[in-house]
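First up is the structure itself, then whatever we jot down about it.
Each value in this text was obtained by applying a stated rule to the coordinates, not by laboratory testing. Since the structure is predicted, the reported quantities are computational estimates derived from the model, not experimental observations. Cβ placement follows ideal geometry from the backbone for every residue including glycine, while neighbour counts extend to all protein chains displayed.
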Amino acid sequence: MNNVYDVLMERGYIEQATHPEEIKELLGEEKITFYIGFDPTADSLHIGHLLQIMVMRHMQEAGHTPIVLLGGGTTLVGDPSGKTDMRKMLSQKEIIQNADKFKGYFERYIDFANKKAIIVNNAEWLLDLNYIELLREIGVHFSVNRMLAAECYKSRLEKGLSFLEFNYMIMQSYDFLHLYREYNCKMQFGGNDQWSNILGGVELIRRKERQSAYAMTFTLLTTSDGVKMGKTEKGAIWLNPELTSPYDFYQYWRNIEDASVKKCLYLMTFLPKDKVEELGNLEGAEINRAKEVLAYEVTKIVHGEKEAKNALKAAKALFDEGSHDDSIPHTEMDKSSFVKPIQLLDLLVDTELAKSKSEARRLIQQNGISLNGEKVKDMYSEVTLEDFKNNVIMLQRGKKIFHEIRLQNNE
C-alpha cells in the first residue's frame, strides 16, 4: 500500500513541509495523530474547507487519526492571515452557534466512530488561560522581530496590525502544544497561508518538550491566474445546501475554467490517478465531459449521491424544452400576476438574481442578463404571458446562474 505522503504529493496537495523525508518516514512507519484547525467565522463551511477535509479523509483511510480543532477561542481574536483588514468581531454566542454547526458538517465527512477521529474546541483551554502565566511560559519563546517578518503579519503592517491580532500566532502555537501534550499530536496541517502560524507551534513544542513536531501545508484552491476559487456572482460556495443549493454547487464545478479541471479532479475527488489523467487530458469540447464528472463527484461527496444525480439531471434538462426539474432554482407565480406586464427589473430582484433595481440595471447595461436565452438590451423591458413557453421562462445572470419562473394557473 502506498505511503499516504506519496498519495498527497502525487495528487498535488502538498505545498510545504518542515522535514519532508522525516515526515514521509513517520507516515509510513507509524499511525500518527494530526490536526487541522477551523475557526467558525461563519455558520457554514465552504469549498476551501472541503480541500482540508479531503486531506483528512486520505489520512484517515491510511490509518492516521485526525483531530478537528474548532477555534472557539482563536475566533475571538481573529486570524490576520490573508486579510488586508481586521476580521469582523463576532460575539461569543455567535461563535458558539457557528462551532456547533461546524461540528455537524464534520460528522458527515469524517468517521468519528471508535475514536477514529477526535473533535475538540480550543475555547476549552484558551478561555481559562492566565495572561501573565501565558506570557511567562509561552511568550518568552517568541521573537517579535521574527513574528513581524512572517507573511501572515507583513501584509497587514501597512494598514495597521492590532495587538489583538498579533496574539493569534501565539494562541495557535499553544493549541499545537496542548494537543501534543493531551493526544500525542505530532503534526499540524493547514492551508499554505497558515505556514507562519503553524511553524510557531512546531518550534514551541521543540523548545518546551524537547520533542519533534512537524508541519505540512497544502495548496490553496485557486484558478490558473492565482485567484482564490470559491466565489461566484452570488457569493461564496458553501457546503450548506440552504446557502448554496446542490444544483448551484454542481453548476459551479461544471463551469470552472478548462485549465483547472485536472487539478480539481485530483484535489476534490477520490478518482484514481489513471481516470484523472484520462479525463484531465481531454481537449476542446471533450473537456466538458471531464467537467461533468468533476461536478458530479464533488457534489456526491458534499450532498450525497441522490442530490448529485438530481443536479446532473437538472443540468442536462436545462435547455430541453418542456423538461423542468425541481432541482433547478425556480420561483412559482400565479398566472394572474402577468395579466398586466411586469417589469423585468422587479423579477430580477424578486428572484434574487440582483440585490436591487440599480444592480439589475447595471447588469443589463453590461449584457449580463438573458431572458429565454436572449440577451436583454432594454433595462425597461417588461415580461408578459407571451414570453412563457410551456408556462416557464428562464432568466439567466452571466454564464452560470439560472432561475426559472413557473406559472401556476389557480383559476
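Reachable aspartates and glutamates from Lys357, Cα under 17 Å, same-chain residues fewer than 8 places away excluded?
In chain and number order, the partners are Glu233, Asp346, Asp378, Glu382.
Can you run phi through the Karplus equation (6.51, -1.76, 1.60; θ = phi - 60°) for region 129-139 and list ³J(HN,Hα) in whole Hz, with x for Gly and Pro?
Karplus-based 3J(HN,Hα) across region 129-139 equals 5, 8, 4, 5, 4, 4, 4, 6, 7, 10, x Hz.
May I ask you to list the lysines whose Cα is less than 22 Å away from that of Lys335, ignoring any residue fewer than eight positions away on the same chain?
Lys389
Assign one of three labels to region 142-241, namely rounded, prolate or oblate, based on the Cα gyration tensor with a ≥ b ≥ c the square roots of its eigenvalues; rounded applies when a/c is under 1.5, prolate when it is not and a/b is larger than b/c, and oblate otherwise. Let's see the in-between values first.
Working: a/c = 2.24, a/b = 1.45, b/c = 1.55.
Oblate shape, in that a/c is at least 1.5 and b/c is the bigger or equal ratio.
Assign unit charges at the C-beta atoms only (+1 for Lys and Arg, -1 for Asp and Glu), then state the dipole size of the chain relative to its Cα centre in Debye, rounded to the nearest 20.
Values: 52 positive and 61 negative charges, 126 e Å.
The dipole of the chain has a size of about 600 debye.
Cross-link candidates for Lys88: which aspartates and glutamates have Cα within less than 20 Å, leaving aside residues fewer than 8 places away along the same chain?
Those aspartates and glutamates meeting the cut-off are Asp39, Asp43, Asp79, Asp100, Glu158, Glu165, Asp193.
Residue by residue through region 368-373, what is 3J(HN,Hα) from phi via Karplus (6.51 cos²θ - 1.76 cosθ + 1.60, θ = phi - 60°)? Round to whole Hz and write x for glycine and proline.
Karplus values, whole Hz, x for Gly and Pro: x, 10, 10, 10, 6, x.
Can you tell which of Val140, Asn98, Phe166 lies farthest toward the positive end of the dipole of the chain, using +1 and -1 charges on the Cβ of basic and acidic side chains (Lys, Arg; Asp, Glu)?
Sorting the options by dipole projection puts first Val140.
Show the residues, 5+ positions off or on another chain, whose built amide H is closer than 5 Å to the amide H of Ile393.
Close amide H contacts, sequence-distant or interchain: Ile405.
Check Leu353: other-chain or 5+ apart residues with amide H under 5 Å from its amide H, H built from backbone geometry?
For Leu353, whose amide H was placed from the backbone, there are no distant partners under 5 Å.
Please get the size of the charge dipole for region 4-218, origin at its Cα centre, with Cβ charges of +1 on Lys and Arg and -1 on Asp and Glu, quoted in debye to the nearest 20.
The dipole magnitude comes to about 260 debye.
Tell me, what ³J(HN,Hα) does each residue in region 179-189 have, in order and in whole Hz, if you take phi through Karplus 6.51 cos²θ - 1.76 cosθ + 1.60 with θ = phi - 60° and put x for Gly and Pro?
Karplus-based 3J(HN,Hα) across region 179-189 equals 5, 5, 5, 7, 10, 6, 6, 9, 9, 10, 10 Hz.
Taking H as built 1.01 Å from N, whose amide H comes closer than 5 Å to the amide H of Thr222, not counting residues under 5 places away?
Met229
Where Lys and Arg each count +1 and Asp and Glu each count -1, what net charge lies around Asn372 among other residues with Cβ under 10 Å from its Cβ?
-1
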